[in-house]
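The values are calculated or read from the model by the stated rules, or taken from the named source; none is laboratory data. Because the structure is a prediction, the values reported are computed rather than measured. FYI the Cβ positions are ideal-geometry reconstructions off the backbone, even for glycines, and counts take in every protein chain you see. Each accessible area value is taken on the protein alone, full model and side chains, heavy atoms only, with ligands, DNA and RNA left out. Shrake-Rupley method; radii C 1.70, N 1.55, O 1.52, S 1.80 Å.
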Amino acid sequence: SQKIEQNSEALNIQEGKTATLTCNYTNYSPAYLQWYRQDPGRGPVFLLLIRENEKEKRKERLKVTFDTTLKQSLFHITASQPADSATYLCALERNNRLAFGKGNQVVVIP
Amino acid sequence: EAGVAQSPRYKIIEKRQSVAFWCNPISGHATLYWYQQILGQGPKLLIQFQNNGVVDDSQLPKDRFSAERLKGVDSTLKIQPAKLEDSAVYLCASSSFYGRTGSTDTQYFGPGTRLTVL
């Protein structure tokens, strides 16, 4: 069965540094991979989407890479700020159906 | 642009009782989704509607869960009877995806309804 793995341990990072999160998956061939941010008590908010034939995507301080051979995506937040503290979810998409990982909490320390 | 609205925000019920959640998607969005998010997990898709038709309900426990989207706008999700393991946040999302193969569109999520079953 398909599996989507994100690190269960929270990532504590100093303000200004780059936070890097990993999303690994098995038994799945997504057409797209998406990253969402979720704050406590709120629904997920879409951040970035990368297609299966794309290697890298950037948006402001965010960067996503996608390696379909390794079945892995990396999500980077550069120059991290305390306001970036949240849980980040990766989601695999095929036929407009999303399958989410458990999420990875990021804590940016001032 | 108004976001996805959900109500109630919180609900506490006893096991074996019934409960219903309501969702109003972003105006004009053809596709509506209900997700279940258990504490510490990512959201799990329960059902996907396109207009008022069901596209995917393969993960909906149909013995106790039901959902409808009359007139292709608002939607309700019902649980009857509830079990302890149904305690979760129920998220509604919508998108302007209209079913074209190979395409996609951003999903916009509501704030969710937190259900506690005692």
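Checking each residue in the range A:1-10 for being surrounded by 14 or more Cβ atoms within 10 Å (Cβ to Cβ) and of a type in the set (S, T, N, Q) picks out A:Gln6, A:Asn7.
Residues of the range B:21-42 that are buried (at least 18 other Cβ atoms within 10 Å of the Cβ) and within 14 Å of B:Ser94 (Cβ to Cβ): B:Cys23, B:Asn24, B:Pro25, B:His29, B:Thr31, B:Leu32, B:Tyr33, B:Trp34, B:Tyr35. For the range B:79-100, the set of residues classified as more than 14 Å from chain A (Cβ to nearest Cβ), loosely packed, with under 14 Cβ neighbours inside 10 Å and touching a residue at least 60 places away in the same chain (Cβ under 8 Å) consists of B:Gln80, B:Lys83, B:Leu84, listed by residue number. For the range A:85-109, filtering for residues that are polar (S, T, N, Q) and within 13 Å of the chain's Cα centre (by Cα) leaves 3. Per the conditions (1) of a type in the set (A, V, I, L, M); (2) crowded, with 19+ Cβ neighbours inside 10 Å; (3) more than 25 Å from A:Ile4 (Cα to Cα), the sole criterion not satisfied by B:Val54 is (2).
Taking the range A:34-50 as the range and being at the interface with chain B (Cβ under 9 Å from one of its Cβ atoms) and loosely packed, with under 14 Cβ neighbours inside 10 Å as the test, only A:Gly41 passes.
For the range A:68-85, taking the residues that are of a type outside the set (Ser, Thr, Tyr) and in contact with a Gly (Cβ under 9 Å, 6 or more places away or on another chain), the one that is farthest from B:Tyr35 (Cα to Cα) is identified as A:Ala79.
Within the range A:11-33, is even one residue free of Cβ contacts under 8 Å to residues at least 60 places away in the same chain, in a loop (DSSP other than H, G, I, E, B), closer than 30 Å to B:Tyr10 by Cα and open to solvent by 30 Å² or more (accessible area, probe 1.4 Å)? There is no residue in the range A:11-33 that is free of Cβ contacts under 8 Å to residues at least 60 places away in the same chain, in a loop (DSSP other than H, G, I, E, B), closer than 30 Å to B:Tyr10 by Cα and open to solvent by 30 Å² or more (accessible area, probe 1.4 Å). Which residues, counting only those in the range A:53-69, are touching a residue at least 12 places away in the same chain (Cβ under 8 Å), farther than 14 Å from A:Arg37 by Cβ and more than 13 Å from the chain's Cα centre (by Cα)? Once the filter is applied, which keeps residues that are touching a residue at least 12 places away in the same chain (Cβ under 8 Å), farther than 14 Å from A:Arg37 by Cβ and more than 13 Å from the chain's Cα centre (by Cα), the range A:53-69 yields A:Glu54, A:Lys55, A:Asp67, A:Thr68. Inside the range B:38-58, residues that are touching a Leu at 6+ places or on another chain (Cβ under 6 Å) and closer than 21 Å to B:Glu85 by Cα make up a count of 4.
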